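Notes follow the structure.
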Amino acid sequence: MAAKKDKGGIESLRTDVQALSEAFFSFREAMLADAAVTQSEQRKGGASGGFTAPAGADIDGAASMLAALGQPQRLRIVMLLAEEPTSVPIMVEKLGLKTTGAAYHHLNVLTNTGIVEQPQRGTFALTASASGKVEALLTAVLGNAESGKKRKK
C-alpha cells in the first residue's frame, strides 16, 4: 500500500514538474518573440525600449526568489498563501503534505528568501514586498500555461 502511495506521489510530482516546465518554455518563447519584435522595431527606427533592468537590481535576490518558487510544493504553498494567511496544519491538509515537518522545511526556504512571513505564531502569509512580485510572476508564467501544453519534448 505504501508503494502505491509513493508511486502516486511521484507521478503527481512528475506531472507538476512537467506542467511547470511547459509553462517555463511557453514564457521563454513569449519573451524571445517579444525581444525579436523589439529588436526589429529598433532596427527600423521604431520604438526604442524593451526590458531594461533597474539600476542596482538585486540579481542574487531575484535568483533566490525564482529558485524558491521553482519547487512545486513551495509554489503550491505560495499560491495558497496568496488567497489568505494560513496555518501549517491547514497547509498540510489542503496540499497533501505528509508531515508538518515537510511544510516547515518549505516555509523556511520561503521565509529566508523574503517571500513568506509569520505575522503571528502558527500562521504564515506572503510578505507585502513579495506579494506584488509573486503575483506578477505567477500571472506571467501560469497565464501562459495553456499555450505551453502544446509544446512537446
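The values are calculated or read from the model by the stated rules, or taken from the named source; none is laboratory data. Since the structure is predicted, the reported quantities are computational estimates derived from the model, not experimental observations. Here the Cβ positions follow ideal geometry from the backbone for every residue, glycine too, while neighbour counts run over all protein chains shown.
Every condition in (1) at pLDDT below 90; (2) surrounded by 10 or more Cβ atoms within 10 Å (Cβ to Cβ); (3) within 24 Å of A19 (Cβ to Cβ) holds for R74 except the one numbered (1). Can you tell me which residue is surrounded by the fewest Cβ atoms within 10 Å (Cβ to Cβ) among those in the range 110-127 that are β-branched (V, I, T) and part of a loop (DSSP other than H, G, I, E, B)? Residue satisfying both the conditions and the ranking: T127.
Scan the range 56-76 for residues that are in a helix (DSSP H, G or I) and among the polar types (S, T, N, Q) and jot them down. Steps first, answer last, please.
The first filter runs over the range 56-76 and keeps only residues in a helix (DSSP H, G or I), leaving 59-69, 72-76.
Once the filter is applied, which keeps residues that are in a helix (DSSP H, G or I) and among the polar types (S, T, N, Q), the range 56-76 yields S64, Q73.
Can you pull out the residues in the range 32-52 that are surrounded by 13 or more Cβ atoms within 10 Å (Cβ to Cβ) and at pLDDT below 70? Once the filter is applied, which keeps residues that are surrounded by 13 or more Cβ atoms within 10 Å (Cβ to Cβ) and at pLDDT below 70, the range 32-52 yields E41, Q42.
Pairs meeting the criteria (first residue in the range 1-13 and closer than 17 Å to L95 by Cβ, second residue modelled with pLDDT of 75 or more, beta carbons under 7 Å, at least 6 apart or on different chains) are L13/P72.
Checking each residue in the range 53-71 for being at pLDDT below 80 and of a type in the set (A, V, I, L, M, F, W, C) picks out A53, A55, A57.
Yes or no, residue by residue, for (1) hydroxyl-bearing (S, T, Y); (2) in contact with a Leu (Cβ under 7 Å, 6 or more places away or on another chain); (3) not in a helix (DSSP H, G or I):
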position	(1), (2), (3)
V78	no, yes, no
M91	no, yes, no
K98	no, no, yes
N108	no, no, no
S129	yes, no, no
A136	no, no, no
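Any residue in the range 133-150 that is surrounded by 11 or more Cβ atoms within 10 Å (Cβ to Cβ), under 19 Å from T15 (Cβ atoms), modelled with pLDDT under 85 and basic (K, R)? Step through it out loud before you land on a result.
First, the residues of the range 133-150 that are surrounded by 11 or more Cβ atoms within 10 Å (Cβ to Cβ): 133-135, 137-138, 140-149.
Next, from what is left, pick out any that are under 19 Å from T15 (Cβ atoms): 138, 141-142, 144-149.
After this cut, where a residue has to be modelled with pLDDT under 85 as well, the list is 138, 141-142, 144-149.
Within this subset, residues satisfying the condition of being basic (K, R) are 149.
Within the range 133-150, one or more residues are surrounded by 11 or more Cβ atoms within 10 Å (Cβ to Cβ), under 19 Å from T15 (Cβ atoms), modelled with pLDDT under 85 and basic (K, R).
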